[in-house]
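Asks: What follows is a single structure, and I will ask about it in a moment.
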Amino acid sequence: MSNRILVAPYSSPVGILLIGTFDDHLVLCDWKYRKQRDQIDHRLTQYFNASLEYKKTRFHQTIFQQLEDYFNKGLKKFTIPILLAGTNFQKDVWNTLLDLEYGEVISYGALSRKRNQQKAIRAVAAANGANALSIIVPCHRVVGADGSLTGYAGGLKAKRYLIDLERKNSDTGQMKLFI
């Protein structure tokens, strides 16, 4: 068992992502310049009782290739093994996000209803914002009740880009919106 989260930067078309691995699992795929960078890193190091070390490995290359395929070839499902670091509630929200279809966009309210927690919209939104696996756990697919773009760690420009990319590469070329 390693006591290090190995981190390497990945340059996406919309910003730099930090890719972190721990014991051959992806634990970090997050925007380098996000507002909560320190909190996310602290949560990961505490959760895994590990330190962050900048070191690129072969596993990083595998992850980079899947991200390249997502951005350039319409990869719809990542096959990278992941570990989620958070509370049980957060993990439940993130697992619900993993169940969303490629190109599917959902509101915070619909996401709460999908989890049978209609009154937990703010808690679901907070869990969404605490996601350390951007793109892989597709928190960019969550929008406001009126379909508008709402906060995203990579910025609204990146969120729009990802939603448009998935719409363009979806089987129908259309976005599925669940409000």
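To keep it simple, each residue is scored yes or no on (1) within 24 Å of Y10 (Cα to Cα); (2) of a type outside the set (D, E, K, R).
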position	(1), (2)
Y102	yes, yes
K119	no, no
R122	no, no
L133	yes, yes
R141	yes, no
G151	yes, yes
K159	yes, no
R167	yes, no
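Asks: Could you say which residue among D24, D92, D69, D38 is surrounded by fewer than 17 Cβ atoms within 10 Å (Cβ to Cβ) and in the same structural domain as V143 (by TED's automatic domain parsing)?
Replies: D92
Asks: Would you mind finding the one in L17, L111, L6, L97 that is touching a Pro at 6+ places or on another chain (Cβ under 6 Å) and either more than 23 Å from K159 (Cα to Cα) or not basic (K, R) (or both)?
Replies: When all the criteria are applied, what remains is L97.
Asks: Touching a strand residue (DSSP E or B) at 6+ places or on another chain (Cβ under 8 Å) and over 16 Å from D30 (Cβ atoms) - does that describe any residue in region 129-140?
Replies: Looking for residues that are touching a strand residue (DSSP E or B) at 6+ places or on another chain (Cβ under 8 Å) and over 16 Å from D30 (Cβ atoms), one finds none in region 129-140, hence no.
Asks: So in region 108-122, with the set limited to residues that are of a type in the set (G, A, S) and free of Cβ contacts under 8 Å to residues at least 60 places away in the same chain, which one is farthest from L149 (Cα to Cα)?
Replies: Once the filter is applied, the top-ranked residue is A120.
Asks: A further question follows. Assess whether Y10 counts as being hydroxyl-bearing (S, T, Y), part of a strand (DSSP E or B) and crowded, with 16+ Cβ neighbours inside 10 Å.
Replies: Taking the combined requirement at face value, the residue satisfies it.
Asks: Among the residues of region 86-106, are any in contact with a Leu (Cβ under 8 Å, 6 or more places away or on another chain), in a loop (DSSP other than H, G, I, E, B) and not small (G, A, S)?
Replies: Checking region 86-106: not a single residue is in contact with a Leu (Cβ under 8 Å, 6 or more places away or on another chain), in a loop (DSSP other than H, G, I, E, B) and not small (G, A, S).
The values are calculated or read from the model by the stated rules, or taken from the named source; none is laboratory data. In this text the structure is predicted, and so the values were computed from the model without any measurement. Neighbour counts run over all protein chains shown; Cβ positions are idealised from the backbone, glycine included.
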